[in-house]
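Below you'll find the structure, written out as structure tokens, and then a few comments.
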Amino acid sequence: MLKTELSVPSDLKYMEVVEHWLLDSLQLAVDQDIDWADVERRLRLVVVEVYSNIVRHAHNEQPELPVLIRIELDNNNLLLEIWDQGEGFKLDSYSAPAPSDFQEGGYGWLILNRIMDRVDYQLQVGGDRNCLKLEKDLAILTDQPLKVES
């Protein structure tokens, strides 16, 4: 079982630190029969999407606001929690873009739900922080390519 956390400033210059910490920690703890290349590719996309959105949108490029990331891995079941202090993402006002729209943003929520088994977002937990909880059984990965369907 692995339990660890990282608190990092809201600054994109820390993106590589966040990626390496998450992926290196998990690689040491997952079963050897896991297709690590596929897990790494998918989780890299998840962490880049989530962390960059927090930095740019939730924290509005205020590096003094920390992002807290927690990892729990038990029998290849990953629980990833990402905590921020931003205003929060209003899911009830989110409308998924059609891939044919070729718009620049708005695909993050679709990507997270496509890659992860469970995605849960809670606004203002404890009155001051938002929590994105992501769960994935790393032993069960889809053979389908990562694509967004309309």
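No lab work stands behind these numbers, since they all come straight from the coordinates. Quick caveat: nothing in here was measured; it's all calculated off a predicted structure. Positions of Cβ are backbone-derived with ideal geometry, glycine not excepted, and every protein chain shown enters the neighbour counts.
Note on residue 74 and residue 57: the model spin-label points, each 7 Å out from Cα along the C-beta direction, lie 3.1 nm apart.
If you split all Cα-Cα distances of region 3-43 into 10 Å bins from zero, what percentages do you get per bin, shortest first? Bin by bin from 0 Å, the calculated values are 26, 49, 22, 3. Net length available on complete extension from residue 24 to residue 4 is 6.0 nm, with 0.36 nm assigned per residue and the Cα-Cα distance removed. A Förster radius of 25 Å combined with the Cβ-Cβ distance from residue 122 to residue 33 puts the calculated FRET efficiency at roughly 0.15.
Computed from phi, the 3J(HN,Hα) profile of region 40-51 under the Karplus parametrisation 6.51, -1.76, 1.60 (θ = phi - 60°) reads 4, 4, 6, 5, 4, 4, 4, 5, 5, 4, 5, 5 Hz, with x in place of Gly and Pro. Restricting region 1-67 to GluC sites (Glu not before Pro) that sit in a DSSP loop and have at most 13 other Cβ atoms within 10 Å of their own Cβ leaves 61, 64. Counting 0.36 nm for each residue step from residue 137 to residue 16 and taking away their Cα separation leaves a gain of 41.1 nm.
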